[in-house]
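In what follows, a structure is listed as C-alpha cells, so that the remarks can point back to it.
The values are calculated or read from the model by the stated rules, or taken from the named source; none is laboratory data. Being a predicted model, the structure only gives us computed values, none of them experimental. Cβ coordinates were reconstructed from backbone atoms using ideal geometry, including for glycine residues, and neighbour counts include every protein chain displayed. Accessible surface is based on the protein model in full, side chains and every heavy atom, while ligands, DNA and RNA are left aside. Shrake-Rupley method; radii C 1.70, N 1.55, O 1.52, S 1.80 Å.
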Amino acid sequence: MDIVVRGKNVEVSPRLRKLAREKIRKIARFSHDAGRVEVDFSELRNRRVADNQVCDVIVHLKRNFVKAHAAASEPAAALDLVVDKVEHQVARIKEKRVARTHAARRSRDASGDSDAASASEVDIEADDDGLGPADRIVERKRLTMKPMRPEEAALQMDLLGHDFFLFTNAENGHAAVLYRRRDGNLGVIETTG
C-alpha cells in the first residue's frame, strides 16, 4: 500500500507523518486491495473556528475509492477521527463483497444440486459486452424456460434462494415475476396483452 502524506499550506512534522502512516496501515486489515492512500493536512485560517486542523483521506481501492474528511483542534485528533470514518467505510465495502460472494456461493451450491437443476430447466447465458464504466448494467442474462404455475415458481425461487423469480405463467402464457415482499409474503407481477 502506497501512503502519501502531504500538507496543504501547512508543514507536516515527521512525528505526525509517522503517526499517519501507522494509523493508515491499519486499514489493510479491512481491505487487501488498497493501492494508494492520500492523507492531506490543512488548516482553516479563521480565528472563530475552534476545530481549524483538517485532515482529508482518500483510499484508492481496486474498484472504487473511499474519501473522508474531519476537523479538530489538533492535527492528530483530526487524523484519529478521519481514520475511524475510513475504517468504517472500508469495512462496509468488505461486508458487501463478502455477502455478495456468500450469496453467489449459496446459489451455486443450490443450482449445483442435480434435482434442483433438472427441475428448473433454465439455461442461463451471461453476456460480457465490455460496457463502459458509466453504464449501470453489469450483466445480462437470457433465460429459456418451460411454462409453470405460480406455486411451482415459488418452489423454484425457494430452491434457488432468490428474492424474485422470472417465469412464464402456464395459466395465461404471459411473462411474470414472483417476488418476496418485505412482510415475507410473495407477490406476482404479470404482463398483459
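A few notes on this one:
- The residues packed around N169, meaning those with a beta-carbon under 13 Å from its beta-carbon, carry a net charge of -2 if Lys and Arg are +1 and Asp and Glu are -1.
- Between H69 and R21, the modelled labels are 2.8 nm apart [label points 7 Å from Cα along Cα→Cβ].
- Placing dummy labels 7 Å off each Cα toward the beta-carbon, the span from K141 to L44 is 4.9 nm.
- When the C-alpha to C-alpha distance is required to be over 24 Å, the pairs from K94/K141; K8/K62; K18/K96; K8/K67 that qualify are K94/K141; K8/K62; K18/K96.
- In the assembled protein chains, T192 presents an accessible area of approximately 130 Å² (probe radius 1.4 Å).
- The gain in end-to-end length when the D33 to T191 segment is fully stretched comes to 52.5 nm, 0.36 nm per residue minus the alpha carbon separation.
- Each residue, M1 and R182, gets one label point 7 Å from its Cα in the Cβ direction; the gap between the two is 3.6 nm.
- Each of the peptides 175-186, 16-27, 87-98 was scored by the mean count of other Cβ atoms within 10 Å over its residues; in descending order, highest first, they stand as 16-27, 87-98, 175-186.
- Among residues other than E74 with Cβ under 13 Å from its Cβ, the summed charge is -2 (Lys and Arg +1, Asp and Glu -1).
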